[in-house]
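K.L.:
Mind looking over this structure? Questions follow.
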Amino acid sequence: MKVFKLIFKNALRHKLRTFLTILGIMIAVIAFGVLRTVVTIWDSSVDAASANRLITRQSVSFIFPLPYAYKEKIKSVPGVQDVSFANWFGGVYKDKNNFFARLAVDAETIFDVMPEFLITPEELEAFKKERNSCVIGADIAKQYNIKLGDVMTLEGDIYPGRWDFIVRGIYRPQNKNTDDTQMLFHWQYVDERMKIESPARTGLVGWYIVEIKDPNKSAAISNQIDALFKNSSAETKTETEKAFTQGFVAASSAIITAMNLMSFVIIGIIMLVLANTMVMAARERTREYAVFKTLGFSTFHLTGLILGESLLISILGGGIGIALTYPIVAGFEQAMPKGFFPFFYIEPITTIMALSAAILIGIIAAVFPIHRTLKTKIVEGFRFVG
Amino acid sequence: MSELIQVQNVSKSYWRDSFEIPVLNNLSLSVKQGEFMALMGPSGSGKTTLLNLIAGIDKPSSGKVFVSGTEISNLGESSLAKWRANNIGFIFQFYNLIPVLTAFENVELPLLLTKLSKEERKKHVENVLNIVGLGNHMQHYPKQLSGGQEQRVAIARAVVTDPVLLVADEPTGDLDRNSATEILTLLERLNKEFNKTIVMVTHDPHAAERASVVRHLEKGDLVGA
């Protein structure tokens, strides 16, 4: 008979109690995993930001546009490598639940400043040549079964009317943090149509994407760019892409903080549940532990028995929970509006954290029963009536 | 016969809140090698306390306890645990078997602390379970055994490491007459056939009759010595 067999038998002594505890740990780990996944995915958009890109936007708010004429002025600033721009188009593709970014961009430069969007030279050339063409991310192509040459029709809201775009390119993400759920088309195409339909809204872009040579000079270059447009009708605010993205995320920071907090509260609650189980188990076995001590079993053995049982339950619950988190996260992604998150996957750190939390729960939950068992004298143990 | 146990001027008190409750008063006792001693006395006379001191599961407030020449009253917890594993076999009134382990596994428990191989352990366990007449019940769990059978498993567990001393606290206290007789016969056999020194606490005069020496305790003192 091995000691592990005894640990296993002890854990299964109250099958229903052990099952419910494992179930509780499992659910907590799943909740922890899903919440952490949402939080890390949210944060990863910030992490994915390039260090050598600045974003220049309207100083009052991101929603106000900037003149197209700023492009050349920004390009003239020392240290600036290249400048591109984009404009939020909005619109609806087939169904309003089909959410993904639809951007009017500078077709000539956008793929120069966004090298993480991988596109073949042939497709890029075809895109540049055709004004009413578009490039879409591989994920969009997969989700909606779109092939090269297909026509994507958008129902405009910010830019009213029906907009048809021929798909001339499908870009692939450079890595898993790269957003491959964007639809990019010619800003010039949109602008020309606006000249006819709404002349007051022409010559305006949403934000500039500024590629710089030396990321260490980002602050100085940002200041120089903003100085160019000081006291103009459209003052600018230039910041690193990371800071710009953080600004977006910050808008949801209260929710993220709450989710972060919740994920750890769940772990805390389940720790108390397991601790309660272990305390009850140790209390019920007070006489048995006195027998073990009488037979010569040491502090080390008793600690091993209790800690082993606690870890067995917590790791079993944690392991099953982690295994189930993957299909649940996949299901969660399916249930959300398409493209709500550009990418949605469980980060290895989330799995590591969940497993670490399960192990930590097992250890902490065993501390009190171990302490109680070790300090109980043999004669007191035999007198104990549970 | 040489003396296996020497209890020298032992006193023991317990504390309940701020009240000191004396249990043993400057008591001295010796037990010879191969002796079967019964300790009798009314409840609260200190029989079990004395047994616990001899077995090294409790410590005297003052005085000394020697077993096989070792002063166990000044050993630390860890040394005492090792000493118990090597020298003492315990038999309890309520058997105190581990309910999730089979008879075989319960008897094997003390051997897990030795360096014996799995095969050697198996041989030892089967041997003692055959001696106590439970060779056919090795894979039974305690709840599948009668009280008498449970106590025989407990005796097998007590002797499996071949200890020099067996201590039994009311070993027949929870058994019917027939089972009690079987257990006492077994203890007698262990004493005579296997030369085990036994110290047994009992209320039962019939049980005491099986012992070679009977000592009486009253209010913490040996009487009629």
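K.L.:
Counting just the residues of the range B:67-86 that are touching a residue at least 60 places away in the same chain (Cβ under 8 Å) and surrounded by fewer than 19 Cβ atoms within 10 Å (Cβ to Cβ), which one comes out farthest from B:N9 (Cα to Cα)?
P.N.:
Top of the filtered list is B:N86.
K.L.:
Only one of (1) closer than 25 Å to A:P348 by Cα; (2) surrounded by 21 or more Cβ atoms within 10 Å (Cβ to Cβ) fails for A:Y208. Which number is that?
P.N.:
Single failed check for A:Y208: (1).
K.L.:
Could you please tell me which pairs satisfy a Cβ distance under 7 Å, a separation of 6+ or placement on different chains, a first residue in the range B:96-107 that is touching a residue at least 24 places away in the same chain (Cβ under 8 Å) and more than 7 Å from chain A (Cβ to nearest Cβ), and a second residue that is acidic (D, E) and not in a loop (DSSP other than H, G, I, E, B)?
P.N.:
These pairs meet every condition: B:L97/B:E150.
K.L.:
Additional query: If I ask for residues that are more than 10 Å from every other protein chain (Cβ to nearest Cβ) and either among the polar types (S, T, N, Q) or under 21 Å from B:L27 (Cβ atoms) (or both), which ones from the range B:79-93 would you list?
P.N.:
Hit for the range B:79-93 is B:S79, nothing else.
K.L.:
Can you name the condition, by its number, that A:T325 falls short on among (1) in a helix (DSSP H, G or I); (2) buried (at least 21 other Cβ atoms within 10 Å of the Cβ); (3) within 14 Å of chain B (Cβ to nearest Cβ)?
P.N.:
Of (1) in a helix (DSSP H, G or I); (2) buried (at least 21 other Cβ atoms within 10 Å of the Cβ); (3) within 14 Å of chain B (Cβ to nearest Cβ), only one is false for A:T325: (3).
K.L.:
Return the residue satisfying two criteria in turn: it lies in the range B:108-121 and is assigned to a helix (DSSP H, G or I) and within 13 Å of chain A (Cβ to nearest Cβ), and of such residues it is surrounded by the most Cβ atoms within 10 Å (Cβ to Cβ).
P.N.:
B:P110
K.L.:
Look through the range A:211-253, keep the residues that are hydroxyl-bearing (S, T, Y) and surrounded by 16 or more Cβ atoms within 10 Å (Cβ to Cβ), and return whichever of them is nearest to A:F89 (Cα to Cα).
P.N.:
The extreme case among them is A:T245.
K.L.:
Restricting the search to the range B:69-78, which residues are more than 9 Å from chain A (Cβ to nearest Cβ), of a type in the set (S, T, N, Q) and in contact with a helix residue (DSSP H, G or I) (Cβ under 9 Å, 6 or more places away or on another chain)?
P.N.:
B:T70, B:S73
K.L.:
Would you tally the residues in the range A:45-73 being surrounded by 19 or more Cβ atoms within 10 Å (Cβ to Cβ) and modelled with pLDDT under 80?
P.N.:
Of the residues in the range A:45-73, 1 are surrounded by 19 or more Cβ atoms within 10 Å (Cβ to Cβ) and modelled with pLDDT under 80.
K.L.:
Looking at the range B:191-206, which of its residues are crowded, with 24+ Cβ neighbours inside 10 Å and either out of contact with any strand residue (DSSP E or B) (no Cβ under 9 Å at 6 or more places or on another chain) or not in a loop (DSSP other than H, G, I, E, B) (or both)?
P.N.:
So in the range B:191-206, the residues crowded, with 24+ Cβ neighbours inside 10 Å come out as B:198-202.
Passing the criteria: B:I198, B:V199, B:M200, B:V201.
K.L.:
Just checking, does the range B:171-183 include any residue being within 13 Å of chain A (Cβ to nearest Cβ) and either within 22 Å of B:T48 (Cα to Cα) or not hydrophobic (A, V, I, L, M, F, W, C) (or both)?
P.N.:
For the range B:171-183, residues within 13 Å of chain A (Cβ to nearest Cβ) and either within 22 Å of B:T48 (Cα to Cα) or not hydrophobic (A, V, I, L, M, F, W, C) (or both): absent.
K.L.:
Can you spot a residue in the range A:163-183 that is in contact with a strand residue (DSSP E or B) (Cβ under 9 Å, 6 or more places away or on another chain), surrounded by fewer than 19 Cβ atoms within 10 Å (Cβ to Cβ) and in a helix (DSSP H, G or I)?
P.N.:
no
K.L.:
Just to check your reading of the model, which residue among A:L16, A:L23, A:L103, A:L54 is over 33 Å from the mean Cα position of the chain (by Cα) and either in a helix (DSSP H, G or I) or touching a residue at least 12 places away in the same chain (Cβ under 8 Å) (or both)?
P.N.:
A:L16
K.L.:
Collect the residues in the range B:129-139 that are within 19 Å of the chain's Cα centre (by Cα) and surrounded by fewer than 21 Cβ atoms within 10 Å (Cβ to Cβ), keeping them in residue-number order.
P.N.:
Passing the criteria: only B:I131.
K.L.:
Now, a different point. Please identify the pairs in which a residue from the range B:156-168 that is away from chain A (no Cβ under 13 Å) and closer than 20 Å to B:V65 by Cβ has its Cβ atom under 6 Å from the Cβ atom of a residue that is part of a loop (DSSP other than H, G, I, E, B) and hydroxyl-bearing (S, T, Y), counting only partners at least 6 apart or on another chain.
P.N.:
B:V164/B:S68
The values are calculated or read from the model by the stated rules, or taken from the named source; none is laboratory data. What you are looking at is a predicted structure, and each value in this text was computed from that prediction instead of being measured. Cβ sites come from the backbone with ideal geometry, for glycine too, and all protein chains shown count toward neighbours.
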